[in-house]
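K.L.:
What follows is a single structure, and I will ask about it in a moment.
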Amino acid sequence: MFGLSDIIKFLFSFFLIMPIVTLIHLSGHIFFVTIFGGSEKKILIGCGNKLFAFRNIEVRKYYFWNGTCEFKGLKHDNRLTNTLIYLGGAIFNLISMLIIYSLVYQNILDSSVIWYQFIYFSFYIMFFSLFPMYFSDGSPSDGKAAELALRNKLEDRVTDDIFVKKMEDEDDSCK
């Protein structure tokens with residue numbers, strides 16, 4: 001029922017597909033930050049010491065463990081723009097799931113466990129980012145932050161995967 005080949009598929013999914021899905025999610029946030037005039041944008045994949053960086057994407061030692069994005073300020077900073085930034089990750093996850101599903105459905109991509117795992121992890125990240133709750137460190141999920149932004153009750157724009165740097169902040173390794 002659950003053999004060695006399943007463990008290999010799981011490890012492949014966990015160490016390759018999950019970071020790709022995380023990158024897509026964080027790219028959604030950065031996309032809306034860019035549209036609304038954010039500066040000094042950066043995506044951090046994982047935690048720990050920096051392994052390498054390419055443009056504004058930094059990959060950390062534990063690349064498979066979460067991720068975050070950073071930016072400074074917005075030219076267009078209001079409830080709607082902040083809400084779209086918080087929802088951007090889930091929007092990109094949803095779009096990527098629909099694209100992969102459509103390509104498999106149209107037989108452009110072969111139906112395989114890789115695509116099922118991609119859709120699974122995308123849904124997982126999308127669901128838990130939208131679930132309106134506070135994490136143990138007190139930061140809101142993207143869904144909770146979007147709700148608070150719409151109600152104009154969000155005091156600090158930091159969530160579990162978004163960090164707005166203040167002008168005096170220096171580069172931080174992991175939240």
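K.L.:
Can you pull out the residues in the stretch 93-114 that are of a type outside the set (A, V, I, L, M, F, W, C), open to solvent by 40 Å² or more (accessible area, probe 1.4 Å) and in a helix (DSSP H, G or I)?
P.N.:
Tyr101, Ser102, Tyr105
K.L.:
More than 28 Å from Leu74 (Cα to Cα) and either open to solvent by 70 Å² or more (accessible area, probe 1.4 Å) or free of Cβ contacts under 8 Å to residues at least 60 places away in the same chain (or both): which single residue out of Phe52, Phe32, Phe15 fits that description? Before the answer, list the steps.
P.N.:
Numbers: Phe52 fails: more than 28 Å from Leu74 (Cα to Cα); Phe32 fails: more than 28 Å from Leu74 (Cα to Cα).
None of the others qualify; the one that does is Phe15.
K.L.:
State whether the residues of the stretch 127-134 include one that is assigned to a strand (DSSP E or B) and within 20 Å of Thr159 (Cβ to Cβ).
P.N.:
Yes, the conditions are met somewhere in the stretch 127-134.
K.L.:
Quick one: count up the residues across the stretch 115-138 that are open to solvent by 70 Å² or more (accessible area, probe 1.4 Å) and of a type in the set (Gly, Ala, Ser).
P.N.:
The total comes to 1.
K.L.:
So how many residues does the stretch 148-175 have that are assigned to a loop (DSSP other than H, G, I, E, B) and modelled with pLDDT under 80?
P.N.:
Going through the stretch 148-175 one residue at a time, the tally reaches 18.
K.L.:
Okay, next question. Looking at the stretch 38-49, which of its residues are over 20 Å from Phe14 (Cα atoms) and either β-branched (Val, Ile, Thr) or open to solvent by less than 20 Å² (accessible area, probe 1.4 Å) (or both)?
P.N.:
Hit for the stretch 38-49 is Gly38, nothing else.
K.L.:
Residues that are free of Cβ contacts under 8 Å to residues at least 60 places away in the same chain, open to solvent by 60 Å² or more (accessible area, probe 1.4 Å) and touching a Cys at 6+ places or on another chain (Cβ under 8 Å): does the stretch 65-88 have at least one?
P.N.:
Yes, that holds for at least one residue.
K.L.:
Would you mind finding the one in Ala145, Ala53, Ala90 that is of a type in the set (A, V, I, L, M) and in a strand (DSSP E or B)?
P.N.:
From the options Ala145, Ala53, Ala90, the qualifying one is Ala53.
K.L.:
Run Gly143 past the list (1) open to solvent by 80 Å² or more (accessible area, probe 1.4 Å); (2) modelled with pLDDT of 90 or more and report the number of the one that doesn't hold.
P.N.:
Every listed condition holds for Gly143 apart from (1).
K.L.:
So Ile85 fits all but one of (1) of a type outside the set (D, E, K, R); (2) over 30 Å from Asn152 (Cα atoms); (3) part of a helix (DSSP H, G or I); what number is the exception?
P.N.:
All conditions are met except number (2).
The values are calculated or read from the model by the stated rules, or taken from the named source; none is laboratory data. Quantities reported herein were computed from a predicted structural model and do not represent experimental measurements. FYI the Cβ positions are ideal-geometry reconstructions off the backbone, even for glycines, and counts take in every protein chain you see. In case anyone asks, the SASA skips ligands and DNA or RNA and just uses the protein heavy atoms, side chains included. Shrake-Rupley method; radii C 1.70, N 1.55, O 1.52, S 1.80 Å.
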